[in-house]
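What follows is one structure encoded as structure tokens, with my remarks underneath.
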Amino acid sequence: MIDPICARNPKEAECLSKKHLTIIGCGSGGSALALMAARSGIGKLTLVDPETLALENVGRHMLSRSDVGKSKAKALKRLVKEINPNAEVHALADKFKELAQTPDLIISAADSFTCESMINDYSLRHGVPAIYGGCWGEASVGEILYVVPGRTPCYECLAGFRRDQVEIPDDPRKYTDLEFDATRIPGRAGLWPNILIIAGVMFQLVLALLDPESDRTQLIDYEHTLFLVNVSKYDSRLQPLATTFGKVKKGCNICRGRIDLRPSAELLEIARSVEAPSGDVRFAFAFGPDGCHRVQLREPPEAVDIPLIETTWEEGRDDHKTALGS
Ligand SMILES: [Zn+2]
């Protein structure tokens, strides 16, 4: 039976009540998506985040001042259960590694390249669709990518080039803290309503991917997998307050297909082009005949080509191209 809280969305609740959604990253975007899922009637929810809530998070988070100092994942679990006690909720106050149960869909709302690469690896290995959310500038443009393993480009097809393009400030903790993630993007300014718009668009994709009966499946053509949501960047070629659908070129070294990794030189060559951006220890993931390999690199990487990301703006039939990162 559908919970009475879902009286205004019975169709979505009917489907979602049978689904398991995993959200990695319980910050501003992840917490908003968790509560959207709770209020829409999700059956099972897994929340992953190693951090505790800080006062600076409260300005754009579903949790409040009374939760400062508590685990984001665990406090969010409590809030989800208050709204939707029928939901089965698991909170992991830890970095994403493996998952005890394979979900129907993963949402990446993380702020670390390493974490996103690990989610991509998990998604491809287990054949689980994933949605990656992020934003540019002061959350003025949302960048959303959906990945259906085997049918679409993967996360690395879009983001691999950033490893050498995005500058992350050096942090001396990487020398003293073995667990320190030097690929994390530091917190940036950005208004909560902007985050909510981006999360709201991401949730349309959640419904489109989980419910084959939904009209929202029209969003999924397996070709235009990149959604750019221009919330408040008025000098951009992307139409303000609209979503532009973009194509990502498939064929990064992670998802190009099965590659025989036995010759070690070839393995290193593959790994070198997909390594993590900074820190002394570099990791890469690559597929081989016997599964996925985690490869540790010690040599400096070679340059990576920046893929051209084509976006089509239907308005006025004025097609144009946008290259991200240039
Ligand atoms: Zn790929």
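A few points about this structure:
- Within region 106-122, restricting attention to residues that are over 11 Å from the mean Cα position of the chain (by Cα) and buried (at least 21 other Cβ atoms within 10 Å of the Cβ), the residue that is farthest from the ligand (Cβ to nearest atom) is Tyr122.
- Filter result (part of a loop (DSSP other than H, G, I, E, B) and buried (at least 20 other Cβ atoms within 10 Å of the Cβ)) within region 123-139: Val128, Pro129, Ala139
- Of the criteria (1) out of contact with any Pro (no Cβ under 6 Å at 6 or more places or on another chain); (2) under 30 Å from Leu158 (Cα atoms), which one Glu82 fails: (2)
So that you can scan it fast, the table gives a plain yes or no per residue for (1) within 16 Å of the ligand (Cβ to nearest atom); (2) surrounded by 12 or more Cβ atoms within 10 Å (Cβ to Cβ); (3) at pLDDT below 95; (4) assigned by TED's automatic domain parsing to the domain that holds Cys154:
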| site | (1), (2), (3), (4) |
| --- | --- |
| Asp177 | no, no, yes, yes |
| Ala182 | no, yes, yes, yes |
| Arg188 | no, no, yes, yes |
| Phe203 | no, yes, no, yes |
| Pro212 | no, no, yes, yes |
| Gln218 | no, no, yes, yes |
| Leu226 | yes, yes, yes, yes |
| Gln239 | no, yes, yes, yes |
| Val248 | yes, yes, yes, yes |
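- Hey, Gly69 at positive phi and among the small types (Gly, Ala, Ser) or not: yes
The values are calculated or read from the model by the stated rules, or taken from the named source; none is laboratory data. Please read all numbers here as calculations on a predicted model, not as lab measurements. Here Cβ is always computed from backbone atoms with ideal geometry, including for glycine, and neighbour counts include all displayed protein chains.
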